Every structure is written in C-alpha cells, then in structure tokens.
Amino acid sequence: MAEENDEDLELELADAGVAFRAEMWATNFMMGYWKHVLAVLIAGLLAILLFTQYQDYVRKSQRTATYQISKVEASLETDSKEARCAAANALKTIADASKGTAKVEALLKASELFRLCENPEEQRLVLEAASEQANSVLKYSAVAALANLDLEEGKGDSAIERMTSLKEGYDGFLAQRAAIDLGLALEHLGRFDEAQNVYAEFLTTWPNSPRSEEVRGRQKAQGVTPVPPAPTEEPEEAEPEDAEGAAPDGGDAGEGEE
C-alpha cells in the first residue's frame, strides 16, 4: 500500500515553454557574442553619421556651385561675343568642379553661351558631357540641343536618331514635343513622307492632345488632309420623373379615376 502511494506522489518534470527556451538562448547568445553585437551597432552608427555628413557636403557643394553660376550670369553686363565666350568658359570651369544637378546646369548654360559666341566645337563637348550626367528633363534638354546642333552641321541621320530616341524614351508632354520636333526635322531634310508618318502616328497615339491642332497644321502645310478629331461624346441624360412617379411621356398617373 505504501509503494502505491509513493508511485502516486512521483511528479513528472514540466517541459520548459518555448518562450523560456528562447529567452535562455538569447541570454546565452548575448553573453557569448556581446562584443560582436556592439561592434556591429557602432559600425552602423558610424555609417549613418558618414552618410549624413556626405549629404550635407553635397548640399553645400550644390549651393556653392549655384551661387557661382549666378555670379557668372550677373557678370554678363555687355552683349559682346568676347563676354559670352568668357562666361561660357567660366561656367565650364564651374562644371568641372561640381557634381550632380549643379554640374549639368552649368554645362547647359555654357552650351547656350558657346552657341551665341559661335563656338560649336565647345558647345558639342559640354552638351555631350551634360547628356552623360543628366537625368529626366535635363537629359532631354541636352539631347535635344545636340540634335539641333547636328541639323545645323548637316548631320541629319544623327539628328533623327537622337530625336527618335527622345520620342520613344519619354512619356507625356516630352514625348509629344519630341515627336513634333522629329517631324519638323524630317521636313527640314526633305523627307516629307516620313514626317507625315510621324504626324499620323502622333494623332493616333495622342488624339486628344492639346498639340494635335499644331500637328494637323503641319499636315495641311504639306498638302495632306488631316483626320478630323473624334467628336466628344456627351453623356445621355436620364429621363426625368415627377414627384409622384409619373411616366416620362406625361401620361395621367390617375387614369381610370372618376
């Protein structure tokens, strides 16, 4: 009888819960590898600090370059060729020492001044540099300017290639502007059939564009009858019903009453 009671008193060891085991593992891990964890945290904080300082440096550099560009523009008190060329070279020097948007801005402004002082070689050099550095709208401006320079120098195929890349590489307003410029360039080169194909594609791709009338004007100028704009569909108006639910034809809802 006593043996049976002893057996009843034996208790099974309770299994440790998952949370307890995880806590013990984390404690053991921290005690064994706390130096490594601390080193990783310090490295992360240093990386954040360095990145923040780099951002501050970039912002200061952009502001400095912008200020220098404005000073050069303000120095153009005379409209002489010599003054333009001097300002263009000054902007090119600023661009060489700058990065990012300020660099591209200096290059694009230098290219315009080189154009005005009739130095197409330097104009091409700064535009090519700008097209390599720029993105989005600024890149579009640089490539479009190179295309125009190609046309002026008789490099028609190169100009068409650049304008086609702009038309296919952008959306919305920029793509539409590139398509119109491409058509005008083809007209300038005497490739009228290709220009009309561009205009027809424009009206198919952007039938409701506010520039569609400009395109139709170019078609008319070349003796082509443009496709008229599609009529605007007006929404159908719902037939009104009176407050008593009368039929739309005005029938007597109380028909049959004496």
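Assign one of three labels to region 47-135, namely rounded, prolate or oblate, based on the Cα gyration tensor with a ≥ b ≥ c the square roots of its eigenvalues; rounded applies when a/c is under 1.5, prolate when it is not and a/b is larger than b/c, and oblate otherwise. The shape class here is oblate.
For region 135-227, a simple Cβ point-charge model (Lys and Arg +1, Asp and Glu -1, everything else neutral) yields a dipole of about 260 debye relative to the Cα centre.
Cross-link check: pairs 139/167; 71/92; 99/139; 71/99; 60/99; 103/167 evaluated at a Cα-Cα cut-off of 20 Å; pairs beyond the cut-off: 103/167. As an equivalent ellipsoid, region 93-233 spans semi-axes of 32, 17, 10 angstrom, where each value is the square root of five times an eigenvalue of the C-alpha gyration tensor, largest first. Under a Cβ-Cβ cut-off of 10 Å, what is the net charge of the residues other than residue 94 that fall near it, where Lys and Arg count +1 and Asp and Glu count -1? Charge balance near residue 94 sits at +2.
Read the figures in this text as sums done on the coordinates, not as results from a lab. All values derive from a computational prediction rather than experimental measurement. Every residue, glycine as well, gets a Cβ built from its backbone with ideal geometry; the counts of neighbours run over all protein chains shown.
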